[in-house]
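Please read the structure below before turning to the comments.
The numbers here are math on the coordinates, done by the rules we state, and not lab data. Bear in mind the structure is a predicted one, so any value in this text is a computation, not a measurement. Neighbour counts are summed over all protein chains in view; Cβ atoms, including those assigned to glycine, are modelled from backbone coordinates with ideal geometry.
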Amino acid sequence: MLIKIKKPWELSENDVTSVGNYKTRRDFIKAAGIVTAAGMMAPYGALARTLTAAANPYDGRDIKEELTDKRAILGYNNYYEFGMDKSDPSDNAHSLITVPWSITVDGHCEKPGTYGVEDLIDFNALEERIYRMRCVEAWSMVIPWVGVSLSEIIKKLEPTSKAKYVYFETLEDEAQMPALLRGVIKWPYKEGLRMDEAMHPLTLMAVGIYGETLANQNGAPLRLVVPWKYGFKGVKSIVKISFWEDEPNTSWMRLAPHEYGFYANVNPEVSHPRWSQAKERRIGDFSRRPTLKFNGYGEEVASLYAGMDLRKNY
Amino acid sequence: MIKDFKRPILHLICLAPSLWLFHQMWLWYNFAPHSLTANPIEYITDFTGDWTVRFLLISLSVTPLAKIFKFKILKYRRAIGLYAFYYASLHFLNYMVLDYFFDWTLILEDIFKRPALTFGMIGFTLLIPLAITSTKSIIKKMGKNWIKLHRLVYVLTIFAIVHNYMMVKADVLIPIIHASILTVLLGYRVFSYKSKKSKRSNKQLSGDRKHEAIVS
Ligand code: HEM
């Protein structure tokens, strides 16, 4: 049985056609200056809206790799608030109510308060960014996100000079999130970035994938994407943004401090204590491929960490 | 003719999880919808690992169940133990072949540098001599030594469950359940060993205590 396996790393014809179509059409429309993915894929739910995204300098740069099948992006998730298995979020996240949604902003900034998604995100200035996403569990995807640079949002909130870190929280609501009762993590889910990381042009606040609004299991209505860090930094369904002077203690640091650090930069040289980070399996591939330092974004971001010992600051 | 019609049924039940797995792998291989998630190899690791622990615990439960409820199941203990080895082999093969495809640098680093995997490897290594010495003729030849050797199954199950505990990322519920079951089984063994010992000293019996204790 085991010996017969030889083909599964190739995409099925279906996958190739859908991804292929997407690319051609995207390229075609991009030539006209605008990228849309309207009606390309079956919508995942009644709430899915088509988004229009403008071309931008980070649109798919360097990514010559195949986009990950949309079904995998929608069906293989870590979102523990909806369950521990990879298929739990897609099974359970329909209970999340994303409209209306409000985000509390506080801490060292001039514009604290409560905001709606549209207050923070200019839906006329959306960009599509194709990023690699590397999970700390040593699998990865290539995802066409839609969103805006986090820096655009931060600028609106006018952090003061005391703001050295940005802190984020995911919604914590037992009525909408069945798995909270299990208490595997101390909820709510907490994440943070250093201010220069948060302001980096690659750092994205995503509201969509594959040209449509985010599915709940992907962190609707808005989530963070930091492509050079492990996926768990990408805090989902954000309800709080705070500007702090001190480094936040994030959820995973709290759970296992010697396994997960604040920076969590993708780094094949620094192993997780329980598994190697040297290689990863791209979802849809059969064999592992080498993991790239900073997930391949070193040219853009390595300077943020100049002089730091990345083994200590993992 | 078949003397024991229950035995083939037992084999079928023990094989069922792997048959399901092979069927799903066949679907995967043919690009058909399957149940192995978007990351089939990881799923196979977890699936085979879980079934190895289950079969280890089931094989350890046979003697207590037979004693307490007078079930006539002792004759199946060996087969169930061998199925634990079968699933452990699938688990290890999947890791070696499908997951790392003989990438020895990484595999050796894993096994020697990461305690979680070291424990798994110790568990699997200890299973090998137990599986090899499971033929009737070897059992006969080894006599008491066979019983001694096969007590290793307790030790290796401890290693296996520690490995299980360490490999999960956040939710330790299942390994804790496994560990609790093992504790009860070990507790039963110690208890029955002690009560046998005290019974015997009451009756002032001499003879090979150790042997009986092991057999109990
Ligand atoms: C008797 C021996 C063993 C038993 C009972 C066992 C059992 C398990 C169990 C129960 C899990 C967790 C599955 C889950 O999370 O659902 C696991 C995970 C794992 N085992 Fe083993 N294992 C054994 C030996 C080994 C060996 C020898 C290796 C490789 C050298 C190995 C490699 C792994 C790996 C890599 C994982 C993690 C999979 C992941 O990332 O989720 N195991 N094992």
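Per residue of peptide B:38-46, the mean number of Cβ atoms on other chains within 10 Å of the residue Cβ is 6.
With K and R counted +1 and D and E -1, the other residues having a Cβ less than 10 Å from that of residue A:289 yield a net charge of +1. Other residues whose C-beta falls under 12 angstrom from the C-beta of residue B:120 contribute a net charge of +1, scoring Lys and Arg +1 and Asp and Glu -1. Per-residue shielding of A:267-276, expressed as the average number of other chain Cβ atoms within 10 Å of the residue Cβ, stands at 4. To the nearest 10 degrees, how steep is helix B:6-29 against the longest Cα principal axis of chain B, on a 0 to 90 scale? With rounding to tens, the tilt is 20 degrees. Taking the Cβ of residue A:173 as the center, what net charge do the other residues with Cβ under 14 Å away carry, scoring Lys and Arg +1 and Asp and Glu -1? Surrounding charge for residue A:173 is -2. Think of the protein assembly as shown as having a plus end and a minus end, set by charges on the Cβ of Lys, Arg, Asp and Glu; of A:220, B:168, B:32, B:168 sits farthest toward the positive end of this dipole. In terms of surrounding Cβ atoms within a 10 Å radius of their Cβ, A:181, B:117 rank from fewest to most as A:181, B:117. Each of B:11, B:178, B:34, B:163 was scored by other Cβ atoms within 10 Å of its Cβ. Listed from fewest to most, they are B:11, B:34, B:178, B:163. Taking every DSSP beta bridge that has both ends in the protein assembly as shown, the antiparallel portion is near 85%. Of the residues B:97, B:85, B:23, the one whose Cα sits farthest towards the positive end of the charge dipole of region B:1-104 is B:85 (charges of +1 on Lys and Arg Cβ, -1 on Asp and Glu Cβ, taken about the Cα centre). When Rg and the Kirkwood Rh are both derived from Cα coordinates, the Rg/Rh ratio for chain B amounts to 1.02. When each of the peptides B:142-150, B:121-129, B:37-45, B:106-114 is scored by how many other beta carbons lie within 10 Å of its residues on average, the order from highest to lowest is B:37-45, B:121-129, B:106-114, B:142-150.
Take each residue in B:101-109, count the other chain C-beta atoms within 10 Å of its C-beta, and the mean is 2.
Per-peptide packing, taken as the mean over residues of other Cβ atoms within 10 Å, places A:237-249, B:69-81 in the sequence A:237-249, B:69-81 from highest down.
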